[in-house]
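Worksheet: the structure to be examined is printed underneath.
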Amino acid sequence: MSSALPVVRPSHHRRVEVYAPAVRPGFTAWVTAFEYGDGSIGVSFKETTQAGNPTYERPTLEMGEAAGSPVSYGAIDFASPLLVSERVYLRTTDGERYIETGRCPIEEGAFTNIGFPDGRIIGLEVRRVNDARTGWCDEIDVRESTDGGSTWTVLPPLLAGTSCYVWRVRRLRDGTIVVLASLYGTPWGVDRERTTRNTMFPGETYLSKIQTFFLTSSDGRTYSGPHYVLPGIGAHEYDMVERPDGSLLFIAGDVQATPVARQVVERRDGAWINGSMLAIALGAPADPSANPQGGWVPETVVARADGLLVGARRNKPYSVSNDDGRNWLPVEGMPPSLYQPFLITMPDGTLANFGHVGSDSPFGHQDMTIGVDLFDIENTLLPSPRLTLRRLLDDAGDQYLNRFAARLTVGGEPLAGAELTFRFVEVWNPDGSFTTCPQSEAPYQLTAVTDRDGTAVVHAAAFDGRGDINLYYNADVVYRPSTGIPVDGPMMVTIALTPRRGDDQPHEAYFMEGTLYIADRLEADHPGLIALLGATAPQDDPGLDVPGLPPGALARLAAAGVVEQADGAWRWISSVHAPHTLAAVRPMPHDDQYV
């Protein structure tokens, strides 16, 4: 982490022990929190204690294999004659003091919970043992408790016949309940198409197998969805915040070694409309191929009223973002987050991050307790710089040039005197294949300094005078200050040879895939030119050897950028996807009708 980055520190931080087992070492883990809507917060976690288990039923070996449970985990994942696992429910109004409202056998409660002002709790859970005892249940169980989590009434299940992974619940400002979940492939277990939870079909990966979605509800009983988000990255432990405009921002971190990404989803006329997948810069793993968990993008996120995002990542620094999650600045002066954290905002605005001491471990291997970090963070960050990029027209406003203007602003105000780097990469390689060269390694780069308006202009002259209508290139702009957060602007895919307003033959000659097209006016000034040049086609030698070629025609072909001079000799230019250097010569069509 660069020392040149802005420093962010918390205020009023304290770590509170929420719950410690009566007998140590104990097992308390997998804590979640939820709002009741009356100014109190519910807390739920799993506790396993040493006691005779009157309902013990020995798990099958097939179940352990199908679920992928390590040695010594069977007692925690399924059952043990000497251990009892319960779901514990607490309630707090200040994050400091807690009362136990209920506890129940682990298979009756729920990891994911929704609270209501009247004290009801609706729990959503995928049971870890199906009726055949060979895999997880193929549905989301829905249950309701009116006594603080001690007893439960079964409600109709959701998404029966699917293999789901339910992760967490968030509530929007209008009360809408949002359930974050994913489909973990098709149902699995003995005698299923997928025999184990981690079985992969030929050519399948976790990124293609796991389908991320959310459900919405107004009452916790009936649901809309699934609404699919974060496609193609295998996100299954992710989070979401509501933006000031009511849209949803989904954040996928690197905690499960999946690609990091963001996505904005808007609500329009009762439908959810997905935006593009967006990148994460600062905080993302520096080299995902070498260390896919090497970053600190949070796994749990909340949004402050002023738009500041605050996040936590197990065993990593807390972090904040003021640019919709593109950059995450580490928070100094706080210990790393507790394990599998859950961030929530207390009614008084205090941030509360619940988690457990320990890790993924079997019973007795670590002394596990439930804790919470209570803190606040003042948004002292300057607005993130923003870069825009546009292509410039000629002075008459009739034709786009290979000239670009970028504007750098901070909080809407121009930033002068900043050096910007413009980067250009041709889309097609000389052999006709698509480029894999990243913009960061662009062979052609130009720099310019912003003026008082925050604008810098460059001329990509290397793309001028190239008579190939398929010469595309990627253009972008970046700002790399010596201090502060690096800024990337947008990337444009542009065409070097452009049309002209009101001119249906704006160029006197051009190549398309090796075929040379001649404009009417050039043929009229040199009658028979098309036939003269065409008589030499097809040819692979780029050398220009055309007996009887009028000198005036050569000059105009050169001006059109279809021939060039090298080492004292004239030669045809190479064009994209050309089967021959000069495949054919034809009259130019009258295709451009721009006004």
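The values are calculated or read from the model by the stated rules, or taken from the named source; none is laboratory data. On a predicted model such as this, the values are computed, not experimentally measured, just so you know. FYI the Cβ positions are ideal-geometry reconstructions off the backbone, even for glycines, and counts take in every protein chain you see. The accessibility values were calculated without ligands, DNA or RNA, using every heavy atom of the protein model including side chains. Shrake-Rupley method; radii C 1.70, N 1.55, O 1.52, S 1.80 Å.
Worth a mention:
- Cα centroid separation - segment 100-163 against segment 197-248, whole Å: 20 Å
- For Asp367 and Asp94, the FRET efficiency from 1/(1 + (r/R0)^6), where r spans their Cβ atoms and R0 equals 35 Å, is about 0.85.
- Couplings 3J(HN,Hα) for segment 519-531, derived from phi with the Karplus relation 6.51 cos²θ - 1.76 cosθ + 1.60 (θ = phi - 60°), are 6, 4, 5, 6, 5, 5, 6, 9, x, x, 5, 4, 5 Hz, where x marks Gly and Pro.
- Computed log₁₀ I(q)/I(0) - Debye formula, equal Cα scatterers, no solvent, segment 1-48, q 0.32 Å⁻¹: -1.17
- Intensity falloff of segment 495-595 expressed as log10 I(q)/I(0), Debye formula with alpha-carbon point scatterers, at q = 0.17 Å⁻¹: -0.75
- Cα gyration tensor shape for segment 80-145, rounded if a/c is under 1.5, else prolate or oblate: oblate
- Whole-angstrom Cα spans of the chain along principal axes, big to small: 104, 59, 44
- Restricting segment 1-71 to trypsin sites (Lys or Arg not before Pro) in coil, as DSSP defines it, with at most 15 other Cβ within 10 Å: none
- Percent carbon-and-sulfur accessible area, segment 1-140, ignoring ligands, DNA and RNA, probe 1.4 Å: 52 percent
- Per-residue HN-Hα couplings for segment 195-212 [Karplus 6.51, -1.76, 1.60; θ = phi - 60°; Hz; x = Gly/Pro]: 6, 10, 4, 9, 5, 10, 6, x, x, 8, 10, 4, 5, 8, 6, 7, 10, 7
- Gyration tensor (alpha-carbon) shape descriptor, segment 171-324, a/c threshold 1.5: oblate
- Accessible area expressed per residue, segment 304-377, with surrounding protein chains retained (probe 1.4 Å, Å²): 28 Å²
- Computed on the Cα atoms alone, the convex hull of segment 263-371 gives a volume of 171 cubic angstrom per residue.
- If the segment from Thr380 to Thr60 were pulled out straight at 0.36 nm per residue, it would be longer than the present Cα-Cα gap by 109.6 nm.
- Shape of segment 352-481, Cα gyration tensor, a/c cut at 1.5: oblate
- The amide H of Val427, built 1.01 Å from its N in the peptide plane, has Tyr472, Tyr473, Asn474 as neighbours under 5 Å, considering only residues 5 or more places off or on other chains.
- Distant-in-sequence amide H partners of Ile469 (H built 1.01 Å from N, under 5 Å): Phe511
- Mean sequence separation of contacting Cα pairs (under 8 Å, at least six apart), scaled by the length of the chain, corresponds to a relative contact order of 11 percent.
- Here the Karplus curve 6.51 cos²θ - 1.76 cosθ + 1.60, taken at θ = phi - 60°, turns the phi angles of segment 224-233 into couplings of 10, x, x, 10, 7, 9, 6, x, x, 10 Hz, with x standing for Gly and Pro.
- Per residue convex hull volume, Cα atoms of segment 88-197, in Å³: 117 Å³
- Evaluated at q = 0.10, 0.19, 0.22, 0.24 Å⁻¹: base-10 log I(q)/I(0), Debye formula over Cα of segment 37-147: -0.34, -1.02, -1.21, -1.33
- Amide H within-cut-off set for Gly484, under 5 Å, with H built and near neighbours excluded: Leu5
- For segment 445-469 and segment 493-538, distance of Cα centres in Å: 26 Å
- Convex hull per residue volume in Å³, alpha carbons only, for segment 488-533: 98 Å³
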